[in-house]
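One structure is given below, encoded as structure tokens.
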Amino acid sequence: MIVPLFSEVELLGVKIKKEVENATKEVKSDIKNIQNQIMSLNLNSSITNNLQINPQLPNDRKIQYLEKEMKKDTFNIEKKINFDNLSDEIIFLFKVRFEIQTLLNEISEKVGFNEKIPIIKNIQILKKNETIDKTTADSILEICKIANRGIHGEIIDKKYIEFIKETYPIIQNKLKNAVEDLYSVACPRCKFVGYSKFNNFCPQCSYVFDDY
């Protein structure tokens, strides 16, 4: 507990009691701010530690238990799902985001990256091996940012919706062409069998087999 150091001190005719009390209030305020920051850091750390990119789905036993518990005392509830609060824009953003993820996964699997990775990492890999160009990669990232915000309930300005409507058809075409333009290869070194952007390049071990 912090208490005033002086009840009242007069020095050269100047009273500093008020100054001491003000300083005490400022110190108390600073301590409170530090406590709040520590609590915020602890909370963020806890959330981060428990966050999973692809959390495990519930097993049959848990599904049955949760379903049974949710149905208790709900005999009069009509089994009809209402999505009346979903606007056409939200549905549009979801479709765009879903298709981007689907096309990127298809390309990644063909070039040998079968593990589930975040979409940002997925785009970085495909850009690095030149499966998609930098402008396309950057545009996809921006579209995903906009779509994610809309899907999570944020109000999206019309200009962002128009940006997606103008650019996504081009991106969609490029991603579909990227899938079709991949070559089927069999690497003589690492024995990888799959698809590559080039007919003599292994995406798994980066081996170029010109003379093979």
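The values are calculated or read from the model by the stated rules, or taken from the named source; none is laboratory data. This one's a predicted model, so the numbers in the text were calculated from it and none came from an experiment. So basically every Cβ, Gly included, is an ideal-geometry build from the backbone, and we count neighbours across all protein chains shown. Just the protein is used for accessible areas: all its heavy atoms, side chains included, with ligands, DNA and RNA removed. Shrake-Rupley method; radii C 1.70, N 1.55, O 1.52, S 1.80 Å.
In summary, G150 fulfils each of the numbered conditions (1) in contact (Cβ under 8 Å) with a residue 40 or more places away in the chain; (2) within 24 Å of D181 (Cβ to Cβ) with the single exception of condition (2). When the range 85-128 is filtered for residues that are over 21 Å from Y207 (Cβ atoms), aliphatic (A, V, I, L, M) and surrounded by 14 or more Cβ atoms within 10 Å (Cβ to Cβ), the ones remaining, listed by number, are I90, L93, V96, I100, L103, L104, I117, I119, I123.
The set of residues in the range 139-164 that are aliphatic (A, V, I, L, M) and open to solvent by 40 Å² or more (accessible area, probe 1.4 Å) comprises L141, I151, I155. Restricting T131, T136, T167 to residues that are open to solvent by less than 40 Å² (accessible area, probe 1.4 Å) and over 26 Å from C205 (Cα atoms) narrows the list to T167. Among the conditions (1) assigned to a helix (DSSP H, G or I); (2) in contact with a Phe, Trp or Tyr (Cβ under 9 Å, 6 or more places away or on another chain); (3) not aromatic (F, W, Y), the only one that G112 does not satisfy is (1). Filter the range 35-78 down to the residues that are surrounded by 10 or more Cβ atoms within 10 Å (Cβ to Cβ), modelled with pLDDT of 65 or more and within 30 Å of N122 (Cβ to Cβ) and list them by number. If the condition is that a residue be surrounded by 10 or more Cβ atoms within 10 Å (Cβ to Cβ), modelled with pLDDT of 65 or more and within 30 Å of N122 (Cβ to Cβ), then P58, K62, I63 are the ones that fit.
Taken residue by residue, the range 158-175 has at least one member that is without any contact (Cβ under 8 Å) to a residue 40 or more places away in the chain and of a type in the set (S, T, N, Q). Checking each residue in the range 185-212 for being open to solvent by less than 90 Å² (accessible area, probe 1.4 Å) and assigned to a strand (DSSP E or B) picks out V185, A186, G194, Y195, S196, F201, V208. Test I81 against the criterion of being at pLDDT 70 or above, β-branched (V, I, T), assigned to a loop (DSSP other than H, G, I, E, B) and more than 30 Å from Y195 (Cα to Cα), and give yes or no. Judged against the criteria, I81 is a match.
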